[in-house]
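Notes follow the structure.
The values are calculated or read from the model by the stated rules, or taken from the named source; none is laboratory data. Remember, predicted model here, so these are calculated numbers, not experimental data. No Cβ is skipped: glycine too gets one built from the backbone with ideal geometry, and neighbour counts run over all protein chains shown. The accessibility values were calculated without ligands, DNA or RNA, using every heavy atom of the protein model including side chains. Shrake-Rupley method; radii C 1.70, N 1.55, O 1.52, S 1.80 Å.
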Amino acid sequence: MANPISRTWRKLFYQDGGCHFQLPKVDSAFPEPPNEGPFGDAGPQALGWFNRLTNNGRVATPFFYTIIGVILAILTVLEVWLFTLSDDFGAFFVPMMLLLAIAKFVIVVAFFMHLRFDKNLLSLVFASGFLLAIAVFMIVLSVQDKVNPSPLIAP
Amino acid sequence: MAQAAVTQNQHGHIADTNTGISNRKLLMWVFLASDCLFFGSFIATYLVYRNESLVGPYPNEVLNIPVTSVSTFVLLMSSLAMVLALNYAQKDRAGLARFWLLAVAALGLVFLGFQVVEFMTFVDEGLTIHQNLFGTTFFILTGFHGLHVFVGVLWLLGMAFAHFKGALTSRSTEDLEMAGLYWHFVDIVWIVIFTVIYLIGFSDGEGIETISHATAIIGG
(Lines give C-alpha, C1' and ligand atoms only; values in the text may rest on other atoms or scores of the structure.)
Protein backbone atom coordinates (compact mmCIF):
# COMPACT_ATOMS: atom_id res chain seq x y z
CA MET A 1 0.00 0.00 0.00
CA ALA A 2 1.31 3.40 -0.94
CA ASN A 3 2.55 5.66 1.79
CA PRO A 4 0.62 8.88 2.58
CA ILE A 5 2.97 11.11 0.59
CA SER A 6 2.70 8.93 -2.47
CA ARG A 7 -1.05 8.73 -2.04
CA THR A 8 -1.35 12.52 -1.83
CA TRP A 9 0.92 12.91 -4.84
CA ARG A 10 -1.22 10.52 -6.86
CA LYS A 11 -4.42 12.18 -5.73
CA LEU A 12 -3.23 15.61 -6.75
CA PHE A 13 -1.39 14.93 -10.01
CA TYR A 14 -2.47 11.57 -11.46
CA GLN A 15 -5.44 11.04 -13.71
CA ASP A 16 -8.32 9.02 -12.38
CA GLY A 17 -8.49 6.86 -15.51
CA GLY A 18 -11.33 8.87 -17.02
CA CYS A 19 -8.99 11.44 -18.50
CA HIS A 20 -9.69 13.85 -15.63
CA PHE A 21 -7.40 15.07 -12.94
CA GLN A 22 -8.72 14.59 -9.44
CA LEU A 23 -9.09 18.19 -8.51
CA PRO A 24 -10.32 19.22 -5.07
CA LYS A 25 -14.09 19.59 -4.91
CA VAL A 26 -14.64 23.29 -4.24
CA ASP A 27 -17.62 25.50 -5.02
CA SER A 28 -15.79 27.36 -7.76
CA ALA A 29 -15.25 24.12 -9.68
CA PHE A 30 -18.97 23.70 -10.38
CA PRO A 31 -20.67 25.20 -13.44
CA GLU A 32 -22.69 27.70 -11.42
CA PRO A 33 -20.68 28.42 -8.30
CA PRO A 34 -22.73 30.04 -5.53
CA ASN A 35 -20.11 32.59 -4.40
CA GLU A 36 -18.13 33.33 -7.51
CA GLY A 37 -15.77 36.31 -7.44
CA PRO A 38 -12.58 37.24 -9.28
CA PHE A 39 -10.78 34.38 -7.51
CA GLY A 40 -13.62 31.89 -7.27
CA ASP A 41 -14.83 31.53 -3.71
CA ALA A 42 -11.47 32.49 -2.18
CA GLY A 43 -12.74 35.92 -1.08
CA PRO A 44 -15.93 34.72 0.64
CA GLN A 45 -13.99 31.81 2.17
CA ALA A 46 -11.36 34.13 3.66
CA LEU A 47 -14.05 36.51 4.91
CA GLY A 48 -15.89 33.56 6.46
CA TRP A 49 -12.75 32.41 8.29
CA PHE A 50 -12.11 35.93 9.53
CA ASN A 51 -15.71 36.27 10.73
CA ARG A 52 -15.60 32.91 12.49
CA LEU A 53 -12.31 33.86 14.13
CA THR A 54 -13.30 37.30 15.36
CA ASN A 55 -17.06 37.51 15.57
CA ASN A 56 -20.16 35.37 15.63
CA GLY A 57 -20.99 36.50 19.14
CA ARG A 58 -18.03 34.78 20.70
CA VAL A 59 -15.47 36.21 23.08
CA ALA A 60 -11.96 35.84 21.74
CA THR A 61 -9.56 33.66 23.68
CA PRO A 62 -6.44 34.76 25.61
CA PHE A 63 -4.36 33.11 22.86
CA PHE A 64 -6.06 35.27 20.25
CA TYR A 65 -5.36 38.43 22.28
CA THR A 66 -1.74 37.35 22.74
CA ILE A 67 -1.36 36.98 18.97
CA ILE A 68 -2.78 40.48 18.57
CA GLY A 69 -0.29 41.74 21.20
CA VAL A 70 2.60 40.11 19.32
CA ILE A 71 1.43 41.72 16.06
CA LEU A 72 1.34 45.13 17.80
CA ALA A 73 4.85 44.57 19.17
CA ILE A 74 6.13 43.61 15.70
CA LEU A 75 4.55 46.73 14.19
CA THR A 76 6.24 48.89 16.85
CA VAL A 77 9.64 47.30 16.20
CA LEU A 78 9.05 47.81 12.47
CA GLU A 79 8.24 51.48 13.10
CA VAL A 80 11.45 52.08 15.03
CA TRP A 81 13.52 50.13 12.49
CA LEU A 82 12.09 52.14 9.59
CA PHE A 83 12.78 55.30 11.60
CA THR A 84 16.49 54.46 11.66
CA LEU A 85 16.34 54.12 7.86
CA SER A 86 14.25 57.26 7.35
CA ASP A 87 16.81 58.94 5.08
CA ASP A 88 16.50 56.11 2.58
CA PHE A 89 12.75 56.56 2.25
CA GLY A 90 12.66 60.31 1.67
CA ALA A 91 9.12 61.54 1.08
CA PHE A 92 7.67 58.08 1.77
CA PHE A 93 8.83 58.12 5.38
CA VAL A 94 5.95 60.13 6.87
CA PRO A 95 3.16 58.25 5.02
CA MET A 96 4.74 54.94 6.05
CA MET A 97 4.87 55.97 9.69
CA LEU A 98 1.27 57.19 9.59
CA LEU A 99 0.11 53.94 7.97
CA LEU A 100 1.78 51.87 10.67
CA ALA A 101 0.27 54.08 13.40
CA ILE A 102 -3.18 53.75 11.81
CA ALA A 103 -2.76 49.97 11.64
CA LYS A 104 -1.89 49.81 15.37
CA PHE A 105 -4.71 52.20 16.22
CA VAL A 106 -7.29 50.13 14.34
CA ILE A 107 -6.06 46.83 15.80
CA VAL A 108 -6.30 48.12 19.38
CA VAL A 109 -9.72 49.70 18.84
CA ALA A 110 -11.14 46.71 16.97
CA PHE A 111 -9.87 43.86 19.13
CA PHE A 112 -8.65 45.12 22.50
CA MET A 113 -11.54 47.59 22.81
CA HIS A 114 -13.91 44.97 21.38
CA LEU A 115 -15.50 47.14 18.70
CA ARG A 116 -15.12 44.17 16.34
CA PHE A 117 -17.28 42.11 18.68
CA ASP A 118 -19.67 44.77 19.95
CA LYS A 119 -22.75 46.38 18.49
CA ASN A 120 -22.23 48.73 15.56
CA LEU A 121 -23.74 51.64 17.50
CA LEU A 122 -20.59 51.86 19.62
CA SER A 123 -18.40 51.98 16.51
CA LEU A 124 -20.64 54.74 15.19
CA VAL A 125 -20.35 56.76 18.42
CA PHE A 126 -16.57 56.49 18.51
CA ALA A 127 -16.14 57.07 14.78
CA SER A 128 -18.27 60.22 14.91
CA GLY A 129 -16.14 61.69 17.73
CA PHE A 130 -12.93 60.62 16.02
CA LEU A 131 -13.94 62.04 12.64
CA LEU A 132 -15.00 65.30 14.30
CA ALA A 133 -11.56 65.44 15.93
CA ILE A 134 -9.90 64.82 12.54
CA ALA A 135 -12.04 67.62 11.03
CA VAL A 136 -10.97 70.06 13.78
CA PHE A 137 -7.39 68.85 13.32
CA MET A 138 -7.45 69.53 9.57
CA ILE A 139 -9.12 72.94 10.00
CA VAL A 140 -6.50 74.02 12.53
CA LEU A 141 -3.67 72.89 10.26
CA SER A 142 -5.24 74.57 7.22
CA VAL A 143 -5.34 77.95 8.97
CA GLN A 144 -1.83 77.52 10.34
CA ASP A 145 -0.41 80.51 8.45
CA LYS A 146 -3.18 82.75 9.76
CA VAL A 147 -2.78 81.82 13.43
CA ASN A 148 0.99 81.94 13.29
CA PRO A 149 1.88 84.53 10.61
CA SER A 150 5.34 85.43 11.84
CA PRO A 151 7.96 84.14 14.26
CA LEU A 152 7.63 87.35 16.30
CA ILE A 153 5.24 85.64 18.70
CA ALA A 154 7.89 83.08 19.54
CA PRO A 155 9.42 81.87 21.79
CA MET B 1 -44.52 53.00 22.66
CA ALA B 2 -40.89 52.24 22.94
CA GLN B 3 -40.25 49.06 24.75
CA ALA B 4 -36.96 48.27 26.39
CA ALA B 5 -35.29 45.40 24.62
CA VAL B 6 -33.60 42.84 26.77
CA THR B 7 -30.69 41.51 24.82
CA GLN B 8 -27.61 39.58 25.67
CA ASN B 9 -24.30 40.87 24.38
CA GLN B 10 -21.29 38.79 23.50
CA HIS B 11 -19.92 38.90 27.03
CA GLY B 12 -23.02 37.34 28.46
CA HIS B 13 -24.26 40.55 30.10
CA ILE B 14 -27.91 41.39 30.02
CA ALA B 15 -28.46 45.00 29.03
CA ASP B 16 -32.04 46.09 29.72
CA THR B 17 -32.00 49.12 27.44
CA ASN B 18 -33.46 50.20 24.11
CA THR B 19 -30.10 49.88 22.42
CA GLY B 20 -29.23 46.55 24.02
CA ILE B 21 -26.05 48.21 25.26
CA SER B 22 -25.40 49.07 28.87
CA ASN B 23 -25.95 52.82 29.43
CA ARG B 24 -22.66 53.07 31.31
CA LYS B 25 -20.77 51.48 28.44
CA LEU B 26 -22.44 53.77 25.90
CA LEU B 27 -21.58 56.77 28.07
CA MET B 28 -17.97 55.60 28.30
CA TRP B 29 -17.73 55.46 24.52
CA VAL B 30 -19.24 58.95 24.23
CA PHE B 31 -16.62 60.17 26.73
CA LEU B 32 -13.82 58.51 24.74
CA ALA B 33 -15.13 60.07 21.53
CA SER B 34 -15.04 63.50 23.21
CA ASP B 35 -11.54 62.78 24.51
CA CYS B 36 -10.48 62.32 20.86
CA LEU B 37 -11.27 66.03 20.41
CA PHE B 38 -9.29 66.87 23.54
CA PHE B 39 -6.09 65.17 22.40
CA GLY B 40 -6.70 65.97 18.72
CA SER B 41 -6.63 69.67 19.59
CA PHE B 42 -3.35 69.35 21.48
CA ILE B 43 -1.71 67.36 18.68
CA ALA B 44 -2.92 69.89 16.10
CA THR B 45 -1.53 72.72 18.26
CA TYR B 46 1.81 70.93 18.47
CA LEU B 47 1.92 70.61 14.68
CA VAL B 48 0.88 74.24 14.13
CA TYR B 49 3.83 75.43 16.22
CA ARG B 50 6.20 72.80 14.86
CA ASN B 51 9.55 74.30 13.81
CA GLU B 52 8.49 77.72 15.13
CA SER B 53 10.70 77.87 18.21
CA LEU B 54 13.29 80.64 18.02
CA VAL B 55 15.48 79.33 20.82
CA GLY B 56 16.52 75.81 21.76
CA PRO B 57 16.54 73.13 22.87
CA TYR B 58 14.95 71.69 19.75
CA PRO B 59 13.41 68.21 19.34
CA ASN B 60 16.49 66.77 17.64
CA GLU B 61 18.58 67.82 20.64
CA VAL B 62 16.49 66.32 23.42
CA LEU B 63 14.22 63.51 22.19
CA ASN B 64 15.54 60.05 23.03
CA ILE B 65 13.95 57.57 20.63
CA PRO B 66 15.42 54.31 22.03
CA VAL B 67 14.17 55.07 25.56
CA THR B 68 10.75 56.22 24.35
CA SER B 69 10.47 53.09 22.19
CA VAL B 70 10.87 50.98 25.31
CA SER B 71 8.21 52.97 27.19
CA THR B 72 5.90 52.68 24.18
CA PHE B 73 6.39 48.92 24.20
CA VAL B 74 5.60 48.84 27.93
CA LEU B 75 2.32 50.72 27.41
CA LEU B 76 1.40 48.48 24.48
CA MET B 77 1.96 45.37 26.57
CA SER B 78 -0.11 46.88 29.38
CA SER B 79 -3.01 46.96 26.92
CA LEU B 80 -2.52 43.25 26.29
CA ALA B 81 -2.48 42.62 30.04
CA MET B 82 -5.68 44.66 30.39
CA VAL B 83 -7.59 42.67 27.81
CA LEU B 84 -6.38 39.43 29.41
CA ALA B 85 -7.56 40.66 32.83
CA LEU B 86 -11.02 41.38 31.43
CA ASN B 87 -11.12 38.07 29.58
CA TYR B 88 -10.35 36.09 32.72
CA ALA B 89 -12.75 38.18 34.81
CA GLN B 90 -15.54 37.37 32.35
CA LYS B 91 -14.73 33.70 32.80
CA ASP B 92 -14.92 34.05 36.60
CA ARG B 93 -11.19 33.35 36.95
CA ALA B 94 -10.73 35.94 39.72
CA GLY B 95 -7.13 35.03 40.55
CA LEU B 96 -5.83 35.39 37.00
CA ALA B 97 -7.93 38.52 36.48
CA ARG B 98 -6.39 40.10 39.59
CA PHE B 99 -2.88 39.10 38.48
CA TRP B 100 -3.23 40.73 35.07
CA LEU B 101 -4.94 43.77 36.57
CA LEU B 102 -2.00 44.35 38.90
CA ALA B 103 0.34 43.75 35.94
CA VAL B 104 -1.45 46.54 34.04
CA ALA B 105 -1.07 48.92 36.98
CA ALA B 106 2.61 47.97 37.35
CA LEU B 107 3.29 48.52 33.63
CA GLY B 108 1.44 51.84 33.84
CA LEU B 109 3.67 52.90 36.72
CA VAL B 110 6.76 51.87 34.73
CA PHE B 111 5.53 54.01 31.82
CA LEU B 112 4.99 56.95 34.20
CA GLY B 113 8.50 56.39 35.58
CA PHE B 114 9.92 56.65 32.04
CA GLN B 115 7.97 59.86 31.51
CA VAL B 116 9.14 61.43 34.79
CA VAL B 117 12.77 60.60 33.94
CA GLU B 118 12.28 62.02 30.44
CA PHE B 119 10.79 65.25 31.77
CA MET B 120 13.58 65.65 34.34
CA THR B 121 16.21 65.08 31.64
CA PHE B 122 14.58 67.69 29.44
CA VAL B 123 14.52 70.23 32.27
CA ASP B 124 18.20 69.52 32.96
CA GLU B 125 18.92 70.21 29.30
CA GLY B 126 17.10 73.53 29.50
CA LEU B 127 13.73 72.59 28.01
CA THR B 128 10.91 73.81 30.23
CA ILE B 129 7.26 74.53 29.56
CA HIS B 130 8.01 78.24 29.02
CA GLN B 131 11.36 77.92 27.26
CA ASN B 132 10.01 77.84 23.71
CA LEU B 133 6.99 76.77 21.66
CA PHE B 134 8.26 73.20 21.41
CA GLY B 135 8.51 72.98 25.20
CA THR B 136 5.06 74.45 25.75
CA THR B 137 3.22 72.24 23.27
CA PHE B 138 5.24 69.13 24.10
CA PHE B 139 4.80 69.33 27.87
CA ILE B 140 1.10 70.19 27.60
CA LEU B 141 0.40 67.26 25.26
CA THR B 142 2.51 64.57 26.90
CA GLY B 143 1.74 65.93 30.38
CA PHE B 144 -2.00 65.56 29.89
CA HIS B 145 -1.44 62.08 28.50
CA GLY B 146 0.65 61.22 31.54
CA LEU B 147 -2.14 62.58 33.74
CA HIS B 148 -4.57 60.24 31.98
CA VAL B 149 -2.22 57.31 32.60
CA PHE B 150 -1.93 58.30 36.27
CA VAL B 151 -5.72 58.43 36.66
CA GLY B 152 -5.93 55.04 34.94
CA VAL B 153 -3.38 53.52 37.32
CA LEU B 154 -5.30 54.84 40.34
CA TRP B 155 -8.54 53.49 38.87
CA LEU B 156 -7.06 50.04 38.24
CA LEU B 157 -5.40 49.80 41.64
CA GLY B 158 -8.67 50.82 43.27
CA MET B 159 -10.49 48.11 41.36
CA ALA B 160 -7.86 45.50 42.15
CA PHE B 161 -8.05 46.14 45.87
CA ALA B 162 -11.75 46.95 46.27
CA HIS B 163 -13.87 45.15 43.69
CA PHE B 164 -11.84 41.98 43.62
CA LYS B 165 -11.75 41.38 47.34
CA GLY B 166 -14.78 39.18 47.10
CA ALA B 167 -16.25 37.02 44.39
CA LEU B 168 -16.50 38.45 40.92
CA THR B 169 -19.91 39.71 39.97
CA SER B 170 -21.27 40.80 36.63
CA ARG B 171 -21.29 44.35 38.00
CA SER B 172 -17.57 44.33 38.78
CA THR B 173 -16.83 42.77 35.38
CA GLU B 174 -18.59 45.68 33.74
CA ASP B 175 -16.58 48.06 35.93
CA LEU B 176 -13.44 46.36 34.70
CA GLU B 177 -14.62 46.70 31.11
CA MET B 178 -15.07 50.48 31.60
CA ALA B 179 -11.57 50.77 33.07
CA GLY B 180 -10.24 48.66 30.19
CA LEU B 181 -11.81 50.91 27.55
CA TYR B 182 -10.25 53.94 29.22
CA TRP B 183 -6.85 52.25 29.42
CA HIS B 184 -6.86 51.16 25.78
CA PHE B 185 -7.82 54.69 24.77
CA VAL B 186 -4.80 56.03 26.63
CA ASP B 187 -2.75 53.49 24.68
CA ILE B 188 -4.06 54.52 21.26
CA VAL B 189 -3.44 58.19 22.06
CA TRP B 190 0.18 57.29 22.82
CA ILE B 191 0.43 55.35 19.54
CA VAL B 192 -0.38 58.61 17.73
CA ILE B 193 1.88 60.75 19.96
CA PHE B 194 4.83 58.39 19.57
CA THR B 195 4.54 58.40 15.79
CA VAL B 196 3.77 62.09 15.22
CA ILE B 197 5.85 63.79 17.92
CA TYR B 198 8.73 61.38 18.36
CA LEU B 199 9.32 59.49 15.11
CA ILE B 200 8.14 62.04 12.56
CA GLY B 201 8.96 65.13 14.64
CA PHE B 202 12.44 64.01 15.61
CA SER B 203 14.03 65.77 12.65
CA ASP B 204 12.68 69.15 13.79
CA GLY B 205 15.45 71.54 14.59
CA GLU B 206 16.10 75.25 14.43
CA GLY B 207 13.65 76.83 12.00
CA ILE B 208 13.16 74.54 9.02
CA GLU B 209 16.60 73.02 9.38
CA THR B 210 16.50 69.26 9.69
CA ILE B 211 19.11 66.65 10.40
CA SER B 212 19.41 63.04 9.47
CA HIS B 213 17.41 60.76 11.77
CA ALA B 214 19.84 57.91 11.44
CA THR B 215 22.92 60.10 11.90
CA ALA B 216 21.50 61.52 15.12
CA ILE B 217 20.67 58.09 16.50
CA ILE B 218 24.05 56.63 15.68
CA GLY B 219 25.65 59.77 17.08
CA GLY B 220 27.67 60.48 13.96
On the formula 1/(1 + (r/R0)^6), with r taken between the Cβ atoms of A:Ile139 and A:Asp87 and R0 of 35 Å, the FRET efficiency rounded to 0.05 is 0.60
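Before we go on, tell me the buried accessible area for the B/A pair, both chains summed, 1.4 Å probe, in Å² to the nearest 100.
Working: alone 11400 and 12770 Å², together 19380 Å².
Its buried surface, counting both partners, is about 4800 Å².
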Cα-based shape type of region A:64-121, given that a ≥ b ≥ c are square roots of the gyration tensor eigenvalues and the cut on a/c is 1.5: oblate
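Give me the inter-chain shielding for B:76-88: mean count of other chain Cβ atoms within 10 Å, whole number please.
5
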Which of the peptides B:76-87, A:92-103, B:59-70 is most tightly packed, and how do the rest follow, going by the mean number of other Cβ atoms within 10 Å of each residue? B:76-87, B:59-70, A:92-103
Sequence-distant or interchain residues sharing an amide H contact under 5 Å with B:Asp204, placed H: which? B:Asn60
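Please give the average number of partner chain Cβ atoms lying within 10 Å of the Cβ of each residue in A:114-125, rounded to a whole number. Intermediate values should be presented prior to the final figure.
Working: counts 10, 2, 0, 3, 6, 9, 0, 5, 10, 1, 2, 9.
For this peptide, the per-residue mean of nearby foreign Cβ atoms is 5.
What is the packing order of peptides B:190-198, B:142-150, A:82-90, taking the mean over residues of other C-beta atoms within 10 Å and listing the highest first?
Numbers: B:190-198: 22.1, B:142-150: 17.4, A:82-90: 14.4.
Sorting B:190-198, B:142-150, A:82-90 by mean packing, highest first, produces B:190-198, B:142-150, A:82-90.
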Under the 7 Å Cα-to-Cβ spin-label approximation, A:Val106 and B:Arg24 lie apart by a distance in nanometres of 3.3
Non-local residues with an amide H under 5 Å from the amide H of B:Thr17, with H modelled 1.01 Å from N and Pro and chain starts lacking one, are B:Ala5, B:Thr7
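Counting pairs of alpha carbon atoms under 8 Å apart in space and at least six apart in sequence, what relative contact order in percent does region B:23-218 give?
About 36 percent, as a whole number.
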Would you calculate the separation in nanometres between label points at B:Asp16 and B:His130, each defined as 7 Å from the Cα along the Cα-to-beta-carbon direction? 5.7
FRET efficiency (A:Leu124, B:Asp92; Cβ distance; R0 41 Å; to 0.05) is 0.85
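Among B:174-180, B:17-23, what's the highest-first ranking by average C-beta atoms within 10 angstrom per residue? Could you put the intermediate results ahead of the total?
Working: B:174-180: 21.1, B:17-23: 15.6.
With the highest mean Cβ count within 10 Å placed first, the list reads B:174-180, B:17-23.
Partner chain Cβ atoms within 10 Å, averaged over the residues of A:94-105 - can you pull that number for me?
Values: counts 4, 0, 0, 5, 5, 1, 3, 9, 3, 1, 8, 6.
Counting other chains' Cβ atoms within 10 Å and averaging over A:94-105 gives 4.
Ignoring ligands, DNA and RNA, please state the percent of accessible area on region A:77-143 from carbon and sulfur, probe 1.4 Å. Could you put the intermediate results ahead of the total?
Working: 2800 of 3410 Å².
Carbon-and-sulfur percentage of accessible area, whole number: 82.
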